[in-house]
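One structure below.
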Amino acid sequence: MIPVELELVTAAPRQLWPKALGPVSNWRSDPCDVGVLQASEMQVDRKSTIASLADWYGDYRDKVSAEADLLGATVDLVYGDVPPLAFSAAAVAALPSVAVANFSWDWIYREMGLEVYAEIAAEAYSHCKLLLELDPAAPMPAFSVKQQPGLLGCRSELDRAGLASMLGVDENCTLVLVSLRDGIENKVGLPPATDGVVYLASYQLVERHDFSLIPPSLAHRDVISACDVVVTKPGCGIIGDCFANSTRMLYAVPSGFPEHRVLSDWLQARPGSLEIDPVMLADGTWGDQLQELLAQSAPAVLRADADRNAAQAIKALLETGRG
């Protein structure tokens, strides 16, 4: 066992991070990259993305120098998912770096025709000592050394009866979770009410007898494990949680996100998932597809222990460095 102190650098609100990160020794609320900006859950905002990239990378060398100074004072290893700044700064500070990702920004930007920013990201990744390539993965050619720790997901012990009791619904009904962000631009319509089907969401989708609001105290992964179907867009996290808990996925593929076609191809090769048109999702005309998916067997439970495998790889790397 190697004692570890974590310093976390992120612009995301702290409440979004799991309680397991409570012991973080230092929490630095700084932005790490731009990524891709969205007009909605289903569409890239290309114009805003390009403008933000130009602003972010306009003084990139200064950002790298400042971050390297901060890292060099206290850090032994840099671990990133996967902002180019982390790996550029680690190289300047002469520190080893490890990436964990399902996709990388050099590939995303190149697919979007943003070659200048793809080259900056690729150069940063070339300094990385090890990529932990999660499943499913898009091509990540900029990394020279890779390991495949597998699928990352969270198992839960909450069952249908337990969730139904919490929500006050019949435990014999079909539970359908709508897992998409709230917002005017993210319109989701529900199919007409069907006997025995109850829809769930973390925000008020509709005022109907067949809809139930999930209490904030209930963890998202617990709801996923106890539901029959999750209605969503394909994302690495939701895929891992669904297949770790044998939960079906009904998903709409957004426009303009290169990684989503990779994820969709991965899903289509496995039973227990079905793609629908984003227009159908917004209009609530996906009732037939829901019944088609429910007629299929639930997906087989997949091992989702990438976190443990990744930890072992990092431990080996640290021990080698000490030696």
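Quick note: the coordinates plus some simple rules give every number you see, no bench work behind them. Nothing here was measured: the structure is a model prediction, and the numbers come from that model. All Cβ positions, even for glycine, are placed from backbone atoms using ideal geometry, and neighbour counts span all protein chains on display.
Annotations for the structure displayed:
- In straight-distance terms, cross-link reach from residue 146 covers every one of the aspartates and glutamates whose alpha-carbon lies under 13 Å from its own, apart from those fewer than eight places away in the same chain; here that gives 133, 135.
- Here the chain is described by how far its Cα atoms reach on the three principal axes: 62, 46, 34 Å, from widest to narrowest.
- A straight Cα-to-Cα reach below 18 Å connects residue 233 with the lysines 187, residues fewer than 8 places away in its own chain not being considered.
- Close amide H pairs (under 5 Å, H built 1.01 Å from N) link residue 131 with 99, 145, 146, 147, residues at least 5 positions away or on another chain.
- Segment 243-322-segment 1-15 distance, computed between alpha-carbon centres (Å): 26
- Stretched out straight at 0.36 nm per residue, the stretch from residue 320 to residue 11 would grow longer than its current Cα-Cα span by 108.0 nm.
- One decimal place: the segment residue 144-residue 54 gains 29.7 nm when fully extended, by the rule 0.36 nm per residue minus the C-alpha distance.
- Burial order of peptide ranges 205-211, 89-95 (average beta-carbon count within 10 Å, highest first): 89-95, 205-211
- Whole-number percent relative contact order across segment 160-294, with pairs defined as alpha carbons under 8 Å at least 6 apart: 25
- Taking label points 7 Å from Cα along the Cα-to-Cβ direction, residue 27 and residue 303 give a separation of 3.4 nm.
- Taking amide H as placed 1.01 Å from N in the peptide plane, the amide H of residue 37 sits under 5 Å from that of 45, 49, each at least 5 places away or on another chain.
- Sorted largest first, extent of segment 1-154 alpha carbons per principal axis (Å): 45, 37, 34
- Kirkwood-Stokes translational diffusion coefficient of segment 160-294, alpha-carbon pairs, 25 °C, 0.890 mPa s, µm²/s: 163
- The average projected area of segment 31-97, computed from the convex hull of its Cα atoms over all directions, is 4.8 nm².
- Sorted peptide list for 193-203, 236-246, 250-260, criterion being average Cβ within 10 angstrom, highest first: 236-246, 250-260, 193-203
- Cα centroid separation, segment 100-127 to segment 47-79: 15 Å.
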